[in-house]
Amino acid sequence: MVRPIQRSPPMHDWSLFTTRPSPDHSPVTPVSLGVDATLDALPLHAAELDLALPGSVAAEQFNHFPELPGLLLTEQQAFVGVLSRQQFLEFLLRPKACELFMQEPLSVIYRYTRRRPLMFPAETPILVAARAALRQPSELQGEPILVSTAEGDRLISAHDLNQAHWQIRGIETQVRHERAQAAMLQSQKMAALGRLVDGIAHEIMDPLGFIWGNLSHVDQYCQQLLQLLAVYEAASTDWTNPSALDELQELQDEIELDYLREDLPLTLNSIKGGAARLKQLASSLQNFCHIDEVYPKPADLHGLIDSIVLLLKSCLTTHIQIDCQYDALPPVPCFAGQLSQVLMNVLTHCIDALLSMAAGQSAETDFAMGSLGSSSMSLAITPRITITTQLYDANPAVPMSDRWVMLTIADNGPGLSAATLQEIQEAFSIRQRLERETELATCYRLITAKHGGKFAVRSPASHPDSDSRAIGTEFEIQLPLYNLDS
């Protein structure tokens, strides 16, 4: 026996309709989601309809609120189930469904579309809820998610959940990529220190040697001064005793008091100088091995350059000269550890080129000395590295335009061939860096991606029409000087 369908009255009882248009239906500003973000960070919708209301009311709500994923159905103010937008539209696509059921109570439509929604607490991580939603049958993956909050039940659009899921997955991938790059950068730092460890040990032992040697003199001077003080105290009890005064004078002559007065301050200054060198070297090592924080901090660019030059001092030998031409610079916002690695890579590249040139010139000189029997010949070109800093405005014609810091590191070596320069330029591309990231490619990535700056390599091969005084290889680094007060 078929139960007749009870017709609803033509007038709507709007007291059975409950909605919260703000903020549930208003456009939601996209939020930045973290890896541990929960469902309550997503847009929550709460529109309730009583089962006694006709289907036309649901159609009006879906038409008025395009972002509404579904309706919360209640009966006598008790939650019954969910009618999703997708279910409602699929139901209306049936033959003559609009004519037969639009004025029927929602309870009739709900009997045909009843599905058990996926439900989670509001504290559930988005990744957990998204994985559970993706494990549903394909016909249910577009259904909204029911979320229980302290204020009541809410709905989350499946589209919003999937979008947040892939956003977080992208963040996870980016975090893993940055961690891998940070580990690779730290490995390069340790490898560079491994190559320099012998020279750095020599730089440490040199000031330690004269500190230790001067300590013996300071100890001797202190003992002599204490002995003099004891004799002086004994003589001070009876100044009329000639023997006490004679003993005091003899001791002053014995310890050479005048020389002691002159040499003791010099010895102490020598110890202070050695300690200062050790402190500077330890500070340079600390800055080079420093792991940067999340945000850039203002740093002394000239101090970073000097610290790297100090670490490379053992590689410079007496043949290579460093010429620093510094402009007056304010503190530069940067990642000090990453910028130190860039300076180390660039200076090492220049030093290697100059050492190769010096070795070739030395071999030619030795050959000429052997053939001519002369020993007065020297290197034809003195290897030199020129480091220049400059502060300039991006657009001088515009007041308060952006300011940049330009750092140029140039050597007077043999330069790069056109093929080598082309290989370096190609290594800066993303595809080549993914296959194999060279040291110069690391410099390019750190300057451009991390600091928002510019990194360029030039050589006579890149400007063959220039004069004969063209430099060997020039590295140009440009860093934006942001306004730290903004």
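General observations
- FRET efficiency estimate (nearest 0.05) - Cβ-Cβ, Gln286 to Asp246, R0 56 angstrom: 0.45
- When nucleic acids and ligands are ignored and a 1.4 Å probe is applied, Lys272 ends up with an accessible area of around 140 Å².
- Between the stretch 164-220 and the stretch 71-147, the alpha-carbon center distance in angstrom: 59
- With 0.36 nm allotted per residue and the present C-alpha distance subtracted, the Ala230-Tyr259 stretch has 8.5 nm of extension available.
- The length gained by stretching the chain between Asp300 and Phe210 to full extension, at 0.36 nm per residue less their Cα-Cα distance, is 29.4 nm.
- Cross-link partners of Lys189 among lysines, defined as those whose alpha carbon lies under 27 angstrom from its own and excluding same-chain residues fewer than eight positions apart: Lys279, Lys297, Lys313, Lys450, Lys454.
- Cβ-Cβ FRET estimate between Leu140 and Glu99, R0 fixed at 22 Å, reported to 0.05: 0.20
- Rel. contact order, % - alpha carbon contacts under 8 angstrom, at least six apart, the stretch 119-185: 30
The values are calculated or read from the model by the stated rules, or taken from the named source; none is laboratory data. Quantities reported herein were computed from a predicted structural model and do not represent experimental measurements. Heads up, the Cβs are rebuilt from the backbone with ideal geometry, glycines too, and the neighbour counts pull from every protein chain shown. Side chains included, ligands, DNA and RNA excluded: accessible areas come from the protein's heavy atoms. Shrake-Rupley method; radii C 1.70, N 1.55, O 1.52, S 1.80 Å.
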